[in-house]
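Everything on this sheet refers to the single structure shown next.
The values are calculated or read from the model by the stated rules, or taken from the named source; none is laboratory data. If you're wondering where the values come from, they're calculated on a predicted model, not measured in any experiment. No Cβ is skipped: glycine too gets one built from the backbone with ideal geometry, and neighbour counts run over all protein chains shown.
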């Protein structure tokens with residue numbers, strides 16, 4: 001029993017109680033005021049009796065706002081520097097920094113209207129620029145892009161179906177549009193242009209095209225000519241269909257049936273059994 005009571009009293013000899021640290025009580029009003037006590041221990045050695053530390057730090061912060069350090073330029077020898085300045089960007093790269101080129105229309109007859117729609121101005125302008133450049137390289141006179149009126153849609157729906165059922169929430173969607181018109185373009189070239197844009201479509205951009213085709217008054221005669229041309233191409237394909245030159249003939253089938261190998265495979269040469277017969 002004495003051993004059990006001795007250990008707790010022995011531990012009390014090794015305990016050391018630190019003196020209570022002074023804590024300064026502050027009211028709510030004082031807590032909102034700037035603290036002038038020990039604000040930052042690492043910055044205590046930077047304080048100077050002749051300079052107000054808080055004013056110095058605030059002034060330094062104001063001077064540092066908007067200041068950007070100059071980038072380090074690589075050092076080259078004068079010969080290499082002159083060669084770099086004389087270099088010229090390739091024409092394909094240099095044209096990306098310029099406005100897209102356009103062909104001059106001859107008659108001004110509209111061939112197609114392409115309407116681009118998107119919720120992002122950046123994606124819309126980028127793809128409109130891409131469409132104009134593709135039309136230039138296909139030798140299609142293009143006009144635009146013409147900004148069309150925005151489509152603004154709004155919805156008011158309940159916020160929730162339980163606690164917030166009576167509160168409502170508003171949603172708004174703005175659709176931006178651009179119009180590009182192709183003039184004096186051949187219908188096949190216009191279809192190639194639209195197919196190229198559809199193949200390399202940009203995300204977030206929708207397309208809607210109206211295409212016009214012009215023909216003469218003899219529509220029936222042109223349709224008959226197109227049918228004759230289609231028939232000629234179909235006849236060339238039909239020549240590939242038909243009987244093979246190495247096909248099996250009737251005589252070959254008769255020879256295969258009476259062949260001993262065929263008879264043996266089918267079981268005709270096997271001895272007749274006596275199943276079901278009694279002697």
Only one of (1) more than 23 Å from residue 195 (Cα to Cα); (2) in contact with a strand residue (DSSP E or B) (Cβ under 6 Å, 6 or more places away or on another chain) does not apply to residue 81, and that is (2)
Which count do you get for residues in region 110-124 that are over 28 Å from residue 187 (Cβ atoms) and either crowded, with 22+ Cβ neighbours inside 10 Å or without any contact (Cβ under 8 Å) to a residue 24 or more places away in the chain (or both)? 1
Is it true that some residue in region 40-56 is assigned to a loop (DSSP other than H, G, I, E, B), at pLDDT 70 or above and more than 30 Å from residue 205 (Cα to Cα)? no
Using beta carbons and a limit of 9 Å, which pairs, at least six apart or on different chains, have the first residue in region 188-215 and touching a residue at least 60 places away in the same chain (Cβ under 8 Å) and at negative phi and the second one surrounded by fewer than 13 Cβ atoms within 10 Å (Cβ to Cβ) and not in a loop (DSSP other than H, G, I, E, B)? 207/198
Would you check if there is a residue in region 89-101 being surrounded by 15 or more Cβ atoms within 10 Å (Cβ to Cβ) and in a helix (DSSP H, G or I)? no
Which of the strands (runs of 3 or more DSSP E) found entirely inside region 107-187 contain at least 3 residues meeting this: farther than 18 Å from residue 210 by Cα? 142-158, 168-183
Using the structure shown, decide if residue 149 is at pLDDT 90 or above and in contact with a helix residue (DSSP H, G or I) (Cβ under 8 Å, 6 or more places away or on another chain). no
Residue 151 in contact (Cβ under 8 Å) with a residue 12 or more places away in the chain and either surrounded by 10 or more Cβ atoms within 10 Å (Cβ to Cβ) or out of contact with any strand residue (DSSP E or B) (no Cβ under 8 Å at 6 or more places or on another chain) (or both): yes
